[in-house]
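*Asks:* Encoded as structure tokens, here's the structure I'll be asking about.
The values are calculated or read from the model by the stated rules, or taken from the named source; none is laboratory data. Just so it is clear, the model here is predicted, and its values are computed rather than measured. So basically every Cβ, Gly included, is an ideal-geometry build from the backbone, and we count neighbours across all protein chains shown. Each accessible area value is taken on the protein alone, full model and side chains, heavy atoms only, with ligands, DNA and RNA left out. Shrake-Rupley method; radii C 1.70, N 1.55, O 1.52, S 1.80 Å.
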Amino acid sequence: MSKYLVNKFMHVVNMNEEAEGAYVENPPGFVAQWEKGERLKFTPEERRALERRDYGSLYAMGVHPFLLWSFTEAVWRTEMDREELVRDYKAKAAVAGYPDFET
Amino acid sequence: MAQLVTMLGITHNPFMPRLFKQAQQPPGAAKVQERIAMMRAKLAHHKPDVLITIGNDHLHQFFMDNMPAFMIGKMDRFHGTFYDEVREFGLPECDVPGDLEMCNRLLEGAYERGVDFAYSSELTIDHSIVVPMLFVRPEMDIPIVPILTNCIAPPLPTARRFYEVGRAIRSVIDGLPDGKRIGVLVSGHLSLEVGGPKQFERRLMDPDFDARAVGWITTGDIDAAARDCNVEQMVPSGNMTMGFLNFLMAMGVAGGASPTHAEGLDAGFPAVPFFAWEQKEEGAGL
């Protein structure tokens, strides 16, 4: 599993307004284009989770939780009510417990 | 000789500056603001010429591609903060003067004492320094020397190493030849969860950890803290509880002096830390 690369992807999207906008507009397209420029590669599961903005699966994989929440808030904020997003995120995280997030 | 005139330890909760400006505030917010005002008054009273600001970058400038355990910013001006912190927390962008000469002295003095800090001549500070400055010195007119730790991306340095680096910082301060008045501003937290199943709960995450942690600071008990503060032990108290380690560095800087204030404030949030060490009389160390 290339958790590091998933963290790197979230880091880029979270910190750059342009990348954030491009990803939200077309998640699979942005993921594919970004990965092309990287020497490391995602596993199929990681790629699928990023294409779906699937924070529950990403959390369960053990990506960095601090970064994941900030990323999740950034890429869902225009489509989901924040209270609802917090509730759903926490419910999904609770199912996975506390995966080791060391890279 | 330089003098360490005060050291303050406070929260860097990035949601608080915006929260305190809102008309409707949760019941505990007033208590937090009272303590912040008290800390601001302490800093003003001791009139430091320079502030060594200790915090931790939150995967902004430093990332797992190149992660320093401890680093010093080496600039005469520091910019804060990053796009995502403006977006998520509504933090203001700011510029803080830096004391470049002191940055270099601290870096070189630490090398001589066996602590090999990384350094950065292009450092942007995030909420771990911006928020404490907004709280205790909103004028942002005292030059800073920023020190950043890794207490967010495991594997982390040991708890004892945080303390030892604090000891080395104090030794450098005590050996500085000029008469500067040095303040230290440390930020961190007690038990806390971000991005896990318990995030944003308006309660203490782990009151038992908080009480023990405040006790270690109060008594200067680094042995007990070192025994109980590795990542595996801290995550059950809240997945980001490791931010407490910055206060163990403060304990090292204090060098056995008792704090004049030590508290994990229960204000209806995860505990809000407030620590202070102060010079008791002019000319005397902490």
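*Asks:* Hey, could you pull the Cα Rg and Dmax for the protein assembly as shown, both in Å?
*Replies:* 20.6, 65
*Asks:* Considering amide H positions built from the backbone, and no H for Pro or chain starts, which residues 5 or more places from B:S191, or on another chain, come under 5 Å of its amide H?
*Replies:* The answer is B:D206, B:D210, B:A271.
*Asks:* With runs of 4+ DSSP H residues as the only contributors, calculate the mean residue ellipticity of the protein assembly as shown at 222 nm using -39,500 (n - 2.57) per run, divided by the residue total and rounded to the nearest 500.
*Replies:* Calculated at 222 nm, the ellipticity per residue is -13500 deg cm²/dmol.
*Asks:* Checking an interface number: how much accessible area is buried between B and A, summed over both chains, with a 1.4 Å probe, in Å² rounded to 100?
*Replies:* Summing both sides, the interface buries roughly 2600 Å².
*Asks:* Hey, another quick one. Taking GluC sites (Glu not before Pro) as candidate sites, keep only those in a DSSP loop with at most 10 other Cβ atoms within 10 Å, then name the longest stretch of chain B containing none of them.
*Replies:* Between the exposed loop sites, the longest stretch runs B:140-280.
*Asks:* Under 10 Å, Cα contacts only: if you run a Gaussian network model on chain B, which one of B:H46, B:H189, B:H127 comes out with the highest mean-square fluctuation?
*Replies:* Answer for the Gaussian network model of chain B: B:H46.
*Asks:* Per residue of region B:193-206, what does 6.51 cos²θ - 1.76 cosθ + 1.60 with θ = phi - 60° give for ³J(HN,Hα)? Whole Hz please, x for Gly and Pro, Karplus curve as stated.
*Replies:* 10, 9, x, x, x, 9, 5, 6, 8, 8, 6, 5, 5, 8
*Asks:* Which trypsin sites (Lys or Arg not before Pro) from region B:1-86 combine a DSSP loop assignment with at most 16 other Cβ atoms within 10 Å?
*Replies:* B:K21
*Asks:* Hey, can you grab everything whose amide H is under 5 Å from the amide H of B:V184? Only 5+ residues off in sequence or another chain; H modelled, so Pro and N-termini drop out.
*Replies:* B:T6, B:M7, B:L8, B:I52
*Asks:* Still on this structure, I have one more. Taking the Cα centre of chain A as the origin, how large is its charge dipole in debye, to the nearest 20, when only Lys and Arg (+1) and Asp and Glu (-1) carry charge on their Cβ atoms?
*Replies:* Computed charge dipole of chain A: roughly 320 debye.
*Asks:* If you put +1 on each Lys and Arg Cβ and -1 on each Asp and Glu Cβ, how big is the dipole of region B:1-101 around its Cα centre, in Debye rounded to 20?
*Replies:* Magnitude of the dipole: close to 580 debye.
*Asks:* Just to compare against my own numbers: the Cα pair-distance distribution for region A:3-96, 10 Å bins, whole % per bin, please.
*Replies:* The calculated distribution, bin by bin, is 16, 55, 27, 2.
*Asks:* Return the FRET efficiency for the residue pair A:Y4, B:Q233: r is the Cβ-Cβ distance, R0 is 25 Å, and the value is rounded to the nearest 0.05.
*Replies:* Rounded to the nearest 0.05, the efficiency is 0.50.
*Asks:* When the accessible area of the protein assembly as shown is split by element with a 1.4 Å probe, what percent falls to carbon and sulfur?
*Replies:* The nonpolar share, carbon plus sulfur, comes to 50 percent.
*Asks:* Starting at 0 and stepping by 5 Å, how many percent of the alpha carbon pairs of region B:64-120 end up in each bin?
*Replies:* 4, 17, 18, 17, 18, 15, 7, 3, 0
*Asks:* For chain B, just say rounded, prolate or oblate: build the C-alpha gyration tensor, square-root its eigenvalues into a ≥ b ≥ c, call rounded for a/c under 1.5, and beyond that prolate if a/b exceeds b/c, oblate if not.
*Replies:* Because its axes are fairly even, with a/c under 1.5, chain B counts as rounded.
*Asks:* Who wins for biggest fluctuation among B:A224, B:A159, B:A262 in a Gaussian network model of chain B, springs between alpha carbons below 10 Å?
*Replies:* Residue with maximal mean-square fluctuation among B:A224, B:A159, B:A262: B:A224.
*Asks:* When ligands, DNA and RNA are left out and all protein chains stay put, how many square angstrom of accessible area per residue does chain B have with a 1.4 Å probe?
*Replies:* Each residue of chain B exposes 36 Å² on average to a 1.4 Å probe.
*Asks:* Moving on to the next point. Tell me the GluC sites (Glu not before Pro) within region A:1-91 that lie in a loop according to DSSP and have at most 11 other beta-carbon atoms within 10 Å.
*Replies:* Taking region A:1-91 and a limit of 11 other Cβ atoms within 10 Å, the loop GluC sites (Glu not before Pro) found are A:E79.
*Asks:* Next question. Using θ = phi - 60° and the Karplus relation 6.51 cos²θ - 1.76 cosθ + 1.60, list the HN-Hα couplings for region B:25-31 in order, rounded to whole Hz, with x at every Gly or Pro.
*Replies:* So the Karplus estimates, Gly and Pro as x, are 10, x, x, x, 4, 5, 5 Hz.
*Asks:* Loop only by DSSP, 14 or fewer other Cβ within 10 Å of the Cβ. Give me the trypsin sites (Lys or Arg not before Pro) in region B:154-223 that pass, ordered by residue number.
*Replies:* Taking region B:154-223 and a limit of 14 other Cβ atoms within 10 Å, the loop trypsin sites (Lys or Arg not before Pro) found are B:R202, B:R203.
*Asks:* Can you give the net charge of the other residues whose Cβ lies under 9 Å from the Cβ of B:P48, counting K and R as +1 and D and E as -1?
*Replies:* Every neighbour counted, the sum reads +2.
*Asks:* To continue, here is another question. Treat each spin label as a single point 7 Å out from the Cα along the C-beta direction, and report the B:F20 to B:M1 distance in nm.
*Replies:* Reported label-point gap for B:F20 and B:M1 is 3.5 nm.
*Asks:* Further, regarding this structure: Between the chain alone and the structure with every protein chain in place, find the residues of region B:80-109 that drop at least 30 Å² of accessible area; heavy atoms, 1.4 Å probe.
*Replies:* Those are B:Y83, B:D84, B:R87, B:E88, which lose 30 Å² or more relative to the chain on its own.
*Asks:* Roughly how many debye, to the nearest 20, is the charge dipole of chain B about its Cα centre, given +1 on each Lys and Arg Cβ, -1 on each Asp and Glu Cβ, and no other charges?
*Replies:* Dipole size: approximately 520 debye.
*Asks:* With a 1.4 Å probe and all protein chains left in place, how much accessible area per residue does chain A have, in Å²?
*Replies:* 48
*Asks:* While we're looking at this one, here's another question. Given the C-alpha centroids of region B:247-282 and region B:50-71, what is the distance between them in whole angstrom?
*Replies:* Each part's Cα centre sits 22 Å from the other's.
*Asks:* List, in order, the whole-Hz ³J(HN,Hα) value for each residue of region B:266-278 obtained from phi through the Karplus relation with A = 6.51, B = -1.76, C = 1.60 and θ = phi - 60°; use x for Gly and Pro.
*Replies:* 8, 10, x, 10, x, 3, 9, x, 9, 10, 8, 10, 9
*Asks:* Sticking with this structure for a sec: Which of rounded, prolate, oblate describes region B:19-107, given a ≥ b ≥ c as roots of the alpha-carbon gyration tensor eigenvalues and a/c under 1.5 marking rounded, otherwise prolate only if a/b is larger than b/c?
*Replies:* oblate
*Asks:* Amide H to amide H, which residues 5 or more places from A:F42 or on other chains are under 5 Å from it, using H placed in the peptide plane?
*Replies:* It is none; the list stays empty.
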